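Contents: one structure, followed by commentary.
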Amino acid sequence: MKALFTDNSELIQALKIGDPKAYNYLVNTYHHKLCVYAYSFTHDHDLSEDIVQNVFMRIWNKRNNLKDDFSIINFLYRSVYNEFIDQYRNQKSLYPLEKKYIDAVITIVESEDEHSLERIIKIVKQEIQKLPPKCKEVFLLSKEEGLTNIEIAEYKNISIKSVEAHITKAFSILRDSLGEKAGLYLFLTFR
């Protein structure tokens, strides 16, 4: 199988027409080398495998865009590095949220030992159910479904100002009913 594609441009041409043998050759020839390369950045075997797999999948999905005159091996190594950078940026943005969530749980466990986290979330959901209907619907679209104010306005056919007013009203009502830790409780409920 190794001798099947001795020429770089031959391999690229075979990939471009969707030849599964070319893809298998690519994976069999470079997978291990690329995993070792990725591991030098991540120090995590599973993450290295994921990075390399993502690179191979992207190459296959975008094979029609491959240029005949470039070096496939240089492209693979550069792609692995770029994928690592992307993964790192994504992870970096998750850590502060995870830390905030863990800090919130610790705060509740330490200060609310008579209430469990599940009980607090149940209370929050009960209080949300008591909101006025339109206010509740807009609030849940925002917090539960993750829609932006613009998306909610378009979906409900109302103005952005109305969306903002409903969300502000919901927070105000929930702050009154849940007390000073309302923000913390809502964060835990909709993390």
Residue pairs, from the table Lys33/Lys67; Lys156/Lys181; Lys143/Lys181; Lys62/Lys143, whose Cα atoms sit over 28 Å apart | Lys156/Lys181; Lys62/Lys143
Segment Ala165-Glu180, extension gain: residue separation times 0.36 nm, minus the distance between their alpha carbons = 3.3 nm
Accessible-area composition of segment 1-77, carbon plus sulfur, in percent [1.4 Å probe] | 52
What's the local net charge at Lys156, with K and R +1, D and E -1, over the other residues with C-beta under 14 Å away?
-> -2
For labels at Glu154 and Met57 in the simple 7 Å Cα→Cβ model, what's the distance in nm?
-> 2.7
Could you give the nm distance between label points at Tyr39 and Ile73, where each point is 7 Å from its Cα heading toward the beta carbon?
-> 2.0
What relative contact order, as a whole-number percentage, does segment 4-90 give when Cα pairs under 8 Å and 6 or more residues apart are counted?
-> 37
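The values are calculated or read from the model by the stated rules, or taken from the named source; none is laboratory data. The model shown is predicted, which means the values in this text are computed figures rather than measured ones. FYI the Cβ positions are ideal-geometry reconstructions off the backbone, even for glycines, and counts take in every protein chain you see. Only protein heavy atoms, including side chains, enter the accessible area calculation; ligands, DNA and RNA are left aside. Shrake-Rupley method; radii C 1.70, N 1.55, O 1.52, S 1.80 Å.
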